[in-house]
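Here's the structure we're looking at; comments come further down.
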Amino acid sequence: MMQPFDKNNDVGTVLIVEDSRAMRSLLTAYLDDMHGIKTVEAATFADAQRELVAHASRFFAAVLDLHLPDAEHGEIVDLVRHYGIPVVVLTGSMDFARREMMLARQVVDYFIKHNRNEVEQVAQTISRLWHNRQVKVLVVDDSRSFRAYLQSLLESYRYQTLTANNGLEALELLDLHPNISLIITDVNMPGMNGLELIEAIRQQHRREDLAIIGMSDASRPNLPALLLKTGANDFIAKPFQAEEFFCRVTQNTNMIEYVRRLRDAATRDFLTGIFNRRHALEMSETLYANARRGHFRIALGMIDVDHFKRVNDTFGHLVGDEVLKVIANALCKTLRSSDIVGRYGGEEFFCVVVLKQEDDAKWVFERVRAAVERIEFYAEKQLVPITASVGFTTELEGSLIQMIAVADSAVYQAKADGRNRVIRH
């Protein structure tokens, strides 16, 4: 019976079924050491069967040797697929008949055991499947059966899959799920067709932010060029091979991921993951300019960790780094997503918040101080006391930089008054 994979499991676990101990060890090393993915090993069909009966839901994928001592004809693939687990196959050789057999059994991919590089490719494919759990793909097609087919293909690769019957429904889903990475849309649909849908999407979303693959039959030779000119990233002609489909989907989702990583590298602090100083200041300048025009009120706060040097000297810089991470996380959870939180430098953070009323600022920054004080962080089984001194201002001064200077002077006052307090200037 098919058992659902436990999506709440924070650590990925892969079933490796391979009769060669050396190959099992090599796969485990690549997956565990390089990708942080745990493995369970089995040497025979019978061993694998016992694992699946007892713990099938723990596995998000499996790597299978096609020929086992007690199952020489690929029976292991059918066994694992019975539990709904995506399969990557290892085989000593490949021919047309074996390839067709594996595609019919809906394996994710297959690799020939020639050299060490292939094992690395297997590990990368498994890592991709684990990452895909966080990737959203929207399928748009007026054919219910074809939508279901594409959905089954994508879910075999562990993508989060949404479906829409037409273009208007797709736009509504995109509004509800702005973190969609890829849209796969048919061209010929009633109401809003695929070309109109792509054009509407590109009014709000750039190619590097959201990938689109257009689909249609191959009888219209000019259609691929038209789709690309309209705003699609790629095109797939119907009918297609599953291998081609997955290659194009993976290429496009990888492209979106690479762009996001580059963007994060430019805008995020490498340690804490919150905005770095440069980007946070750029965003804050926009809020400051709107506040100068009277659109709303803002408050700017500086948060300085108390006795941080003592933490580094006592527990080491690695523990100090972890302290900064948990503080950044506490700040993000305490403030609204519309507020700006950045690392100013060292153990100092700053934030700019939009106020409903000017008096709200005091309570906002008191919540920030209290959130830091509530952090329970242990190092070497010892509780590390964490507090912060907070200074803030609601006066716009002559510039954003002057606001920062005023808030920073309030931090010094908070330190002088005994730390772990909020001071307004």
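The values are calculated or read from the model by the stated rules, or taken from the named source; none is laboratory data. Fair warning: this is a prediction, and the values are worked out from it, not measured in the lab. Don't worry about glycine lacking a Cβ; one is built from the backbone with ideal geometry, like all the others, and counts go over all protein chains shown.
The set of residues in the range 92-123 that are in a loop (DSSP other than H, G, I, E, B), more than 16 Å from F246 (Cα to Cα) and touching a strand residue (DSSP E or B) at 6+ places or on another chain (Cβ under 6 Å) comprises M94, K113.
Every condition in (1) touching a strand residue (DSSP E or B) at 6+ places or on another chain (Cβ under 8 Å); (2) touching a residue at least 12 places away in the same chain (Cβ under 8 Å) holds for E243 except the one numbered (1). When only residues in the range 136-153 that are at pLDDT 95 or above and farther than 21 Å from P190 by Cα count, which is surrounded by the fewest Cβ atoms within 10 Å (Cβ to Cβ)? Checked the range 136-153; the qualifying residue surrounded by the fewest Cβ atoms within 10 Å (Cβ to Cβ) is K136. Taking into account only those residues within the range 254-270 that are hydrophobic (A, V, I, L, M, F, W, C) and exposed (fewer than 14 other Cβ atoms within 10 Å of the Cβ), which is farthest from L324 (Cα to Cα)? It comes out as L262. For first residues located in the range 406-425 and at negative phi, partners that are in a loop (DSSP other than H, G, I, E, B) and of a type in the set (V, I, T) and lie 6+ apart or on another chain with Cβ distances below 8 Å form the pairs R424/T394.
Of all residues in the range 181-195, those that are in a helix (DSSP H, G or I) have Cβ atoms under 8 Å from Cβ atoms of residues that are at pLDDT 90 or above and among the hydrophobic types (A, V, I, L, M, F, W, C), 6 or more apart or on another chain, in G194/V140; G194/V187; G194/M215; G194/L227; L195/V187; L195/L226; L195/L227. Residue pairs whose Cβ atoms lie under 9 Å apart, separated by 6 or more positions or on different chains, with the first residue in the range 271-290 and free of Cβ contacts under 8 Å to residues at least 12 places away in the same chain and the second in a helix (DSSP H, G or I), are R278/A266; R278/T267; E282/T267; A289/L400. In a residue-by-residue description of the range 278-296, the property of being farther than 27 Å from V137 by Cα, assigned to a helix (DSSP H, G or I), modelled with pLDDT of 90 or more and touching a Lys or Arg at 6+ places or on another chain (Cβ under 7 Å) applies to at least one position. Restricting attention to the range 124-139, the residues being touching a residue at least 60 places away in the same chain (Cβ under 8 Å) and outside any helix (DSSP H, G or I) number 3.
The rows are residues; the columns are (1) surrounded by 12 or more Cβ atoms within 10 Å (Cβ to Cβ); (2) within 22 Å of the chain's Cα centre (by Cα); (3) at pLDDT below 90; (4) not in a loop (DSSP other than H, G, I, E, B).
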{"residue": "S216", "(1), (2), (3), (4)": "yes, no, yes, yes"}
{"residue": "R220", "(1), (2), (3), (4)": "yes, no, yes, no"}
{"residue": "P224", "(1), (2), (3), (4)": "yes, no, yes, yes"}
{"residue": "L228", "(1), (2), (3), (4)": "yes, no, no, yes"}
{"residue": "V249", "(1), (2), (3), (4)": "yes, yes, no, yes"}
{"residue": "N252", "(1), (2), (3), (4)": "yes, yes, no, yes"}
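Is it the case, given these coordinates, that L52 is crowded, with 19+ Cβ neighbours inside 10 Å, more than 26 Å from the chain's Cα centre (by Cα) and at pLDDT 85 or above?
yes
Take the conditions (1) closer than 27 Å to F59 by Cβ; (2) within 19 Å of the chain's Cα centre (by Cα); H177 misses just one of them, which is (1).
Does L68 count as crowded, with 18+ Cβ neighbours inside 10 Å and closer than 25 Å to Y159 by Cβ?
no
In the range 197-214, how many are within 21 Å of the chain's Cα centre (by Cα) and small (G, A, S)?
Final tally of qualifying residues: 1.
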